[in-house]
Amino acid sequence: MPDYTENKEIIARRIACFFTTGDVVNLGIGLPTLVGNYIPENVTIILQSENGLIGLGPAPAAGHEDKDLTNAGGKPVTILPGGCFFDSATSFGIIRGGHVDYTVLGVLEVDQEGNLANYKIPGKLIPGMGGAMDLVAGAKHVIAATTHFEKSGASKLRRRCTLPLTASHEVDYVVTDVGFFAVSGHSFALKEAFVPYTPEWIIKHTDADIELALDFRIWNSPEACR
Amino acid sequence: MIEKTVIRPAEAARLINSGSVVHIGGFLGCGAPDGIVAAICEAGIGDLTIVCNDTAIYDPKTGRTTGLAPLILKGLVRKVITSHIGTNAETQRLLCEGKIEVELVPQGTLAERVRAAGYGLGGILTPTGVGTEVEEGKRKFRLHGKTYLLELPLPGDVAIIKAKKGDKAGNLIYAKTARNFNPLMAGACSLVIAEVEELVDIGGLDPDQIHTPSIFVDYLVVV
């Protein structure tokens, strides 16, 4: 049986395989941002950033930062040719209006009913929801991106979230560093187990109800989307 | 066109009363009216209720601040209505100690509540927050097979906003992602003070490129 090693890269690599050319995608701060590094060469997506642009480009070269051009994390970015800027009402019109194909968000807890908690731990840490609640309510597909376990070893996939919810029944897919799950309404459907993890190992180490998806497969292609 | 009065940051601060509801533009400090914020700090105008996307950045390790963060650090803010406080350690600390009130509002809802205040709307219906703590105490409507929350307008006494360019009539053009909440706040408040980096004569801006029409703006500050 494999030992668990945290692996954020495989999460980003797998999520990058979801997209097809032309998809409008919003990547959250932190782990979801890594997804942008692994988009296949033959796929062109349009990145939306909720602070007011589409056509988000890479970080600028040192010395070329523009104080008026940042991402939703406040970091300097660039805009690709053909991109554009808009105000926050337009930005969230794009989001709530269903014009974003995929939103990828980080996780404190995610449960088998598609609920997501990622914006506060009462009495401890209260960063706020930012744009996350609008993104989960409005995007066509919601992908939760997370390591499978907390630092304490607890499973981040739950039967029921205990923290205040960011989203109620909105999550479609969960990608962790051991596998890819779809939310079927009452349990997680394991669609892929990432080598070296087996379905048995994943089920045993996850604090949620999991069934194998009809199209379940082992995924072992970190270099390519197949 | 009528020219607007150009004032110094300190004069702008004097137009704001203690206890006011102040809308402040910017997204983590990008597009924030830094000059007017500094003047409010200097003048020590307190007991403020701030409406803002976030409480900007304060890093206690380096002491670095952006946007409106200095107002929080100086203890001038009684309450913030905002979507995010996670990058300002001082807002978090004051909240835990019960020294500041924080009303968290989803970012898109905050934008629409501010817009509604300036655009003559009695409120907006949004699906955002249904099934979460955000829905508590709000009226729900079932329309078109979907559940919506009624969110009310969020007007203010004063808006302090930031633009790249302005003309002396008060027309404004923002730069890149520094636009964010600024044009929405220009409509939502009784008094609007715009800080601009570059001020040109009337006729010096292309009317097709204006983001905020002059009639929303009362005073101009050049930094």
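Points worth noting:
- Overall form of chain B per C-alpha gyration tensor (a/c, 1.5; a/b vs b/c): oblate
- Each other residue within a Cβ distance under 15 Å of B:LEU15 adds +1 if Lys or Arg and -1 if Asp or Glu, for a net charge of -2.
- Averaged over the residues of A:81-88, the number of partner chain Cβ atoms lying within 10 Å of the residue Cβ comes to 6.
- With the whole protein complex present, B:LYS176 retains an accessible surface near 80 Å², based on a 1.4 Å probe.
- Accessible surface of the protein assembly as shown, 1.4 Å probe, proportion on carbon and sulfur as whole %: 52
- For residues of A:195-204, the mean tally of beta carbons on other chains within 10 Å: 0
- Rounded, prolate or oblate (a/c below 1.5 giving rounded, otherwise prolate when a/b exceeds b/c) for the stretch A:70-215 by Cα gyration tensor: prolate
- Residues of the stretch B:121-139 that bury at least 40 Å² of accessible area once all protein chains are present, compared with their chain alone (1.4 Å probe, heavy atoms only, ligands and nucleic acids left out), are B:THR128, B:THR132, B:GLU133.
- The distance between label points at B:LYS74 and A:PHE216 comes to 6.2 nm (points 7 Å beyond Cα on the Cα→Cβ vector).
- With 31 Å as the limit, the listed pairs A:LYS67/A:LYS151; A:LYS140/B:LYS79; A:LYS124/B:LYS176; A:LYS151/B:LYS176; A:LYS151/B:LYS138; A:LYS140/A:LYS191 have A:LYS67/A:LYS151; A:LYS140/B:LYS79; A:LYS124/B:LYS176; A:LYS151/B:LYS176; A:LYS151/B:LYS138 beyond it between alpha carbons.
- Relative contact order computed over the stretch A:146-226 (Cα-Cα under 8 Å; 6+ residues apart), in percent: 26
- Here the contact order of the stretch B:143-223, divided by its residue count and restricted to Cα pairs under 8 Å and six or more residues apart, works out to 37 percent.
- For the residues B:GLY204, B:GLY118, B:GLY170, a GNM of chain B with alpha-carbon springs under 10 Å puts the largest fluctuation on B:GLY204.
- Those residues of the stretch B:1-37 for which accessible area with every protein chain present is at least 10 Å² below the isolated value (1.4 Å probe): B:PHE27, B:LEU28, B:CYS30
- Residues of the stretch B:156-182 that bury at least 50 Å² of accessible area when the other protein chains are present, relative to the chain alone (probe 1.4 Å, heavy atoms, ligands and nucleic acids excluded): B:LYS176, B:THR177, B:ARG179.
- Taken residue by residue and averaged, Cβ atoms of other chains lying within 10 Å of the Cβ of A:169-175 number 1.
- Backbone N under 12 Å from the A:VAL43 label point (7 Å along Cα→Cβ), restricted to the stretch A:1-33: A:12-25
- Residue-normalised accessible area of the protein assembly as shown, given per residue in Å² at a 1.4 Å probe: 42
- Total accessible area lost when B and A pair, probe 1.4 Å, Å² to nearest 100: 2900
The values are calculated or read from the model by the stated rules, or taken from the named source; none is laboratory data. Source: prediction; values computed, not measured. With ideal geometry, Cβ positions are generated from the backbone for all residues, glycine too; neighbour counts draw on all protein chains shown. Quick note on the areas: whole protein, heavy atoms, side chains included, nothing else; ligands and nucleic acids left out. Shrake-Rupley method; radii C 1.70, N 1.55, O 1.52, S 1.80 Å.
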